[in-house]
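Enquirer: First, the structure itself, so that you have it in front of you.
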Amino acid sequence: MVAEAETRPFADLVPEVVLDAVDATGVRCDGRLIALASYENRVYQVGVEDAPPLVVKFYRPGRWSDDAIREEHGFALELESREVPVAAPRAGPAGDTLLVHHGYRYAVFPRLAGEWPELDDPERRRTMGRFIGRIHAVGALRTFRHRPALDVETHGEEPRRWLLEHGVVPPEHQGAYGSRSAEALDAVRESFARVGAVRRIRLHGDCHLGNVLWGELGPSFVDLDDCRTGPAIQDLWMLLSGDLDERRAQVADLVSGYRTFHDLDARELGLVEALRTLRIVHYTAWLARRWDDPAFPVAFPWFGTDRYWRDHLQALEDQCRAMAEPPLDLYD
């Protein structure tokens with residue numbers, strides 16, 4: 001398995017470095033340190049003397065440019081200024097939110113309280129829809145200059161090429177992967193062509209329930225690390241689950257709440273399975289690129305097995321069928 005050049009990007013990020021980094025912002029730590037779930041970056045809850053804990057995120061070296069990280073921070077601060085509940089970074093002594101310590105770029109955030117949400121109730125789904133609609137109303141006001149777009153090239157063609165060129169796909173599956181992934185991406189392009197031109201706005205980009213905390217006042221986002229430009233439906237489809245009737249009811253509730261704050265072009269529902277396909281392709285390449293980071297084999301021991309590749313090929317075949325079916329609708 002081939003990974004990126006830097007295979008142990010956080011090898012020197014020991015607890016003393018984490019605590020010293022927070023102390024360098026002018027905050028006095030009390031020595032408590034809890035590692036939080038994160039694979040792409042390293043994230044910790046840090047205890048503070050006579051104050052609530054803080055969360056500190058150390059960015060994976062080489063993943064984002066400084067400008068791209070500052071755009072993430074700017075988007076979060078813009079949302080916070082409009083009273084949209086997100087975790088926004090706090091400025092250091094020099095006034096910058098992007099900080100550097102021991103060679104690591106990092107940012108400090110408030111700790112938000114809440115639990116991962118359950119969306120089995122229609123009113124909760126409408127509340128979630130309103131929340132995302134508020135984010136998109138802000139996201140539509142301007143554009144990113146340094147963050148990537150979510151499209152067939154960035155989430156389909158490029159990761160597919162990388163997998164094939166780096167020998168990640170086992171020899172016995174290379175032929176099937178090459179043809180089936182090409183077929184799937186052709187179907188993705190056909191889906192986008194059928195839908196036609198849609199507006200692309202600033203998005204959360206990775207809107208699954210693991211990135212949401214639900215507290216007393218409702219939902220809030222804890223991470224905008226994957227924010228990018230794309231169609232609005234990207235931040236809604238990952239909240240859907242179950243059979244066709246269940247997903248139709250769910251999307252109707254989400255969109256009902258969403259439209260309280262922002263319009264949604266119903267044609268974008270025709271992109272749901274295409275976007276799901278891009279995520280499947282991109283996710284496999286992401287795992288392969290990170291495999292030499294010691295955290296990944298521990299967290300994803302099933303990756304790269306014969307069973308994994310058989311299931312992956314089946315998923316691509318299933319997606320080709322799904323993209324040929326009529327899309328979800330809103331009963332209107």
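Nothing in this text is a laboratory measurement; each read-out follows from the coordinates by a stated rule. Note that this is a predicted model, so its numbers are computed, not measured. Because the Cβ atoms are built from the backbone with ideal geometry, glycine has one as well, and the counts that use them run over all protein chains shown.
Enquirer: Where the centroid of each part is defined by its Cα atoms, how far is segment 79-115 from segment 253-274 in Å?
Expert: 30
Enquirer: When a footprinting reagent is the concern and you count Cβ atoms within 10 Å, what order do Glu183, Glu83 take, fewest first?
Expert: In order of increasing Cβ crowding within 10 Å: Glu83, Glu183.
Enquirer: Okay, moving on. Using a Förster distance of 45 angstrom, determine the FRET efficiency expected from the C-beta separation of Ala249 and Arg90, and round it to 0.05. Walk me through the numbers before you get to the answer.
Expert: On the way: r = 40 Å, r/R0 = 0.89.
About 0.65, to the nearest 0.05.
Enquirer: Between Arg161 and Ala37, what is the label-point separation in nm under the 7 Å Cα-to-beta-carbon projection?
Expert: Distance between label points: 3.4 nm.
Enquirer: Something else about it: Taking only Cα atoms and a 10 Å spring cutoff, compute GNM fluctuations for the chain and point out the largest among Pro159, Pro85, Pro52.
Expert: In this elastic network of the chain, the residue with the biggest mean-square fluctuation among Pro159, Pro85, Pro52 is Pro52.
Enquirer: Using a Gaussian network model on the chain with a 10 Å cutoff between Cα atoms, which of Tyr106, Tyr258, Tyr308 fluctuates the most?
Expert: Of Tyr106, Tyr258, Tyr308, the Gaussian network model singles out Tyr308 as fluctuating most.
Enquirer: Can you put Met128, Met323, Met238 in order of Cβ neighbours within 10 angstrom, beginning with the fewest? Could you put the intermediate results ahead of the total?
Expert: On the way: Met128 25, Met323 22, Met238 19.
So the ranking, lowest neighbour count to highest, is Met238, Met323, Met128.
Enquirer: Report, in deg cm²/dmol and to the nearest 500, the calculated mean residue ellipticity at 222 nm for the chain, where each DSSP H run with n ≥ 4 adds -39500 (n - 2.57) and the sum is divided by the residue count.
Expert: Details: 10 runs with 137 residues, N = 332.
-13000 deg cm²/dmol, from helical runs alone.
Enquirer: Tally Lys/Arg at +1 and Asp/Glu at -1 over every other residue whose Cβ is under 10 Å from the Cβ of Cys29; what's the total?
Expert: Net of charged neighbours comes to -2.
Enquirer: Please identify, among Ala266, Ala68, Ala299, the residue showing maximal mean-square fluctuation in a Gaussian network model of the chain using a 10 angstrom Cα cutoff.
Expert: Between Ala266, Ala68, Ala299, it is Ala299 that shows the largest mean-square fluctuation.
Enquirer: For the chain, build the charge dipole from Cβ charges (+1 Lys, Arg; -1 Asp, Glu) around the Cα centre, then report which of Leu77, Ala187, Phe300 sits farthest towards its positive end.
Expert: Going by the Cα projections, it comes out as Leu77.
Enquirer: May I pose another question? At 0.36 nm per residue, and after removing the present C-alpha to C-alpha distance, how many nm does the segment from Thr143 to Asp30 gain when stretched out fully?
Expert: 36.7 nm
Enquirer: Antiparallel DSSP bridges in the chain: what percent, to the nearest 5? Write down the numbers at each step before the final one.
Expert: Working: 29 of 31 bridges.
In the chain, approximately 95 percent of DSSP beta bridges are antiparallel ones.
Enquirer: So how do 278-287, 28-37 stack up, highest first, on mean other-Cβ count within 10 Å?
Expert: Going from most to least packed, we get 278-287, 28-37.
Enquirer: Can you sort Thr260, Thr229, Thr154 by how many other beta carbons sit within 10 Å, fewest first?
Expert: So the residues, fewest neighbours to most, are Thr260, Thr154, Thr229.
Enquirer: Taking the mean number of other Cβ atoms within 10 Å as a proxy for protection, how do you rank 196-205, 69-78 from highest to lowest?
Expert: Order by mean packing, descending: 69-78, 196-205.
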